[in-house]
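Asks: Sharing a structure below in structure tokens format, with a few things to ask.
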Amino acid sequence: MQAPPTIDIWYGSEQRFGHCGQPQRWANILGRVRSDQPIRQLTCTLNGGAARPLSMGPDARRLAAPGDFNIDLDCRDLAPGANTIVVAATDGAGLTTMRTVTLTVAGDPCPLPYTIDWARVEQIQDVAHVVDGRWTCGAHGVSPLEIGYDRLLAIGDMAWRNYEVLVPITVHGINAACFQYPSVHAGVGVIMRWKGHANWGKDEWASGQPCFGPSPYGAIGWYCVFHDAGPMLNLFDPDFQRTAEVSRTLALHVPYLFRVRVEPGEGVRSLYSLKVWPAHEAEPAAWDLRTLGSYAGLSEGAIMLGAHHTAATFGNVTVTPLP
């Protein structure tokens, strides 16, 4: 007898959002659908509303593997308290499977300073919001289980403005897919002043669901390996410019401390800073990179830990307010 599709909801049938700040415009419900037959239709409903079609991976961007889906729920459409999301998958034989997720929405603030000790975290979503990918956490830190395009964890609140972030990062390897369109590099680091993806429309590789435009934001402080320029530290702005960079190769499986900062600069342009050093060494006094942000950069926003086509482990996170 033909088996119906299976739907795996990665972070469980009971999820929360907004209990430790609202880090972005979207609440994401992630998972994967499998079937012996091609999936004919994948949809979701919110609180009994109309069915909404969902895209399935792979799409070379946010949906990394076959059957991956990412339900991007606009927070303006969510009710305070419990929200019911029903995911339905129908295969080519007409068999349908449904899974229900209860998303409890709060409006709790997330004051600074804010710290995460991963050894004390039972579920990632207790302290952060998974934007993309399958992640695992424990005493070692937090890591994406599968390498892919922009594996992302959002932390904090969109109202955060000036702050400094300290987090150890260990790079274990990169995926060669990083050199294939639409990517041109691998990278790992911290996104500052994040508020959520934007919808750029459609192209041959990615649909508008989930929306995939990564900007606007403030800036990204990270380590990258480019197909042309090689390995480097850089500050990357929402105009897709490396506004400051320095050649650097990080050793694999060695933890490095990343410190990034955003603070007032000149006029509407903020000042962004980055330094990276081996975790077993003393912190250097000087910043590796400093630059004024883009005029397009946001004036406030949460942070994200990002691993782009990179196997990496992020350690405990400390976010400190600045004037």
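Asks: With charges only on Cβ, +1 for K and R and -1 for D and E, what is the dipole size of the chain about its Cα centre, in debye, rounded to 20?
Replies: For the chain, the charge dipole is close to 160 debye.
Asks: What residue among Ser294, Ser270, Ser247 has the largest mean-square fluctuation in a Gaussian network model of the chain, using Cα springs under 10 Å?
Replies: Taking springs between Cα atoms under 10 Å, the residue moving most is Ser247.
Asks: Sort 32-40, 144-152 by the packing proxy (mean of other Cβ within 10 Å over each peptide's residues), most packed first.
Replies: 144-152, 32-40
Asks: Based on the mean of other Cβ atoms within 10 Å per residue, sort peptides 128-134, 179-185, 249-255 so the most packed one is first.
Replies: Final packing ranking: 128-134, 179-185, 249-255.
Asks: Show me, for segment 51-58, the HN-Hα J-couplings you get by feeding each phi into the Karplus relation (A = 6.51, B = -1.76, C = 1.60, θ = phi - 60°), rounded to Hz, glycine and proline as x.
Replies: 5, 10, x, 10, 7, 10, x, x
Asks: So, one more: If you average the sequence gap of Cα pairs under 8 Å that are 6 or more apart and divide by the length of the chain, what percent do you get for the contact order?
Replies: Normalised by residue count, the contact order of the chain is 22 percent.
Asks: Also, I was wondering about something else. So if I take the centroid of the Cα atoms in segment 128-193 and the same for segment 231-268, what is the distance between those two points in Å?
Replies: Segment 128-193 and segment 231-268 have Cα centres spaced 14 Å from each other.
Asks: From the mean inverse distance of alpha carbon pairs (Kirkwood) and the Cα radius of gyration, derive Rg over Rh for the chain.
Replies: The Rg/Rh ratio comes out at 0.97.
Asks: Filter the chymotrypsin sites (Phe, Trp or Tyr not before Pro) in segment 213-305 down to the DSSP loop ones having no more than 12 other Cβ atoms within 10 Å, then list what survives.
Replies: Sparse-neighbourhood loop chymotrypsin sites (Phe, Trp or Tyr not before Pro): Phe240, Tyr295.
Asks: At 7 Å along the Cα-to-beta-carbon direction for both Ala93 and Ala51, put a label point, then send me their distance in nm to one decimal.
Replies: 1.9
Asks: How far, in nm, would the chain grow between Ser299 and Arg40 when pulled straight, counting 0.36 nm per residue and subtracting the alpha carbon separation?
Replies: 88.9 nm
Asks: Put +1 on the Cβ of every Lys and Arg and -1 on every Asp and Glu Cβ in the chain; which of Gly92, Gly138, Gly265 then has its Cα farthest towards the positive end of the dipole?
Replies: Gly92
Asks: Full extension from Glu281 to Thr320: what is 0.36 nm times the residue separation minus their Cα-Cα distance, to one decimal in nm?
Replies: 11.9 nm
Asks: What percent of all Cα-Cα pairs in segment 6-105 falls in each 10 Å bin, counting up from 0?
Replies: In order of increasing distance, the bins hold 15, 49, 30, 6, 0 percent.
Asks: Mind checking the full-extension length gain between Thr104 and Val246? Use 0.36 nm per residue of separation minus the Cα-Cα distance, one decimal, nm.
Replies: Value of the extension gain: 46.7 nm.
Asks: Evaluate the Debye formula for segment 165-323 with equal point scatterers sitting on the alpha carbons, no solvent, and hand back log10 of I(q)/I(0) at q = 0.09, 0.16, 0.19 Å⁻¹, in q order, two decimals.
Replies: The Debye formula, applied to the Cα set alone, gives -0.28, -0.92, -1.29.
Bear in mind that the values in this text are calculations on the coordinates, not laboratory data. Keep in mind it's a predicted model, so treat the numbers as computed, not measured. Using ideal geometry, Cβ is built from the backbone for each residue, glycine included, and neighbour counts are taken over all protein chains shown.
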